[in-house]
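Note sheet for the following structure.
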Amino acid sequence: MSFFDMLFKGAKATAQNVGHKTGEIIEVTKLNFSVSAEEEKIEKIFIALGKRQYEAHCAGQTEEEFVSICEEIDSEEAKIRLLQRAIAELKQTSNCKSCNAIIKKDALFCPKCGIRI
């Protein structure tokens, strides 16, 4: 095999690897955008909740009507957790069970708290 053949094969393999990594970065970016969108929804719900709470307070009403709003927030937060898990899988990371720090899947110890993984 000539030098140029080996050089061509090496360049081709590198280009394929770069293409794969670029695809992963694009997917992570899309998921991060989705997380931001879900967080914005939660922020709007919090604003609406505060307004309704104040109106209920002024009218002397009970707080029972806010359960459905809180359940909606719980639902949005569950979506965020799913998106964050997908991001962690793409980045090949996980969270420390002790301190919740982001760690590489092949790590033996948490870099933040030092606990054995």
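Below are the figures for this structure:
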{"item": "Enumeration of residues in segment 40-69 that are among the aromatic types (F, W, Y) and either more than 26 Å from I80 (Cα to Cα) or at pLDDT 80 or above (or both)", "result": "F46, Y54"}
{"item": "Qualifying positions in segment 33-92 - surrounded by 12 or more Cβ atoms within 10 Å (Cβ to Cβ) and outside any helix (DSSP H, G or I)", "result": "Q61"}
{"item": "Subset of segment 98-117 [assigned to a loop (DSSP other than H, G, I, E, B) and of a type outside the set (G, A, S)]", "result": "C99, N100, K105, D106, L108, C110, P111, K112, C113, I115, I117"}
{"item": "Out of I69, I45, I87, I80, sole residue that is in contact with a strand residue (DSSP E or B) (Cβ under 9 Å, 6 or more places away or on another chain) and in contact (Cβ under 8 Å) with a residue 12 or more places away in the chain", "result": "I87"}
{"item": "Selected residue [at pLDDT 80 or above, among the hydroxyl-bearing types (S, T, Y) and touching a helix residue (DSSP H, G or I) at 6+ places or on another chain (Cβ under 9 Å)] from S75, S34", "result": "S34"}
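The values are calculated or read from the model by the stated rules, or taken from the named source; none is laboratory data. In this text, all values refer to a predicted model and were calculated from it rather than measured experimentally. Glycine also receives a Cβ, built like all others from the backbone with ideal geometry; neighbour counts cover every protein chain displayed.
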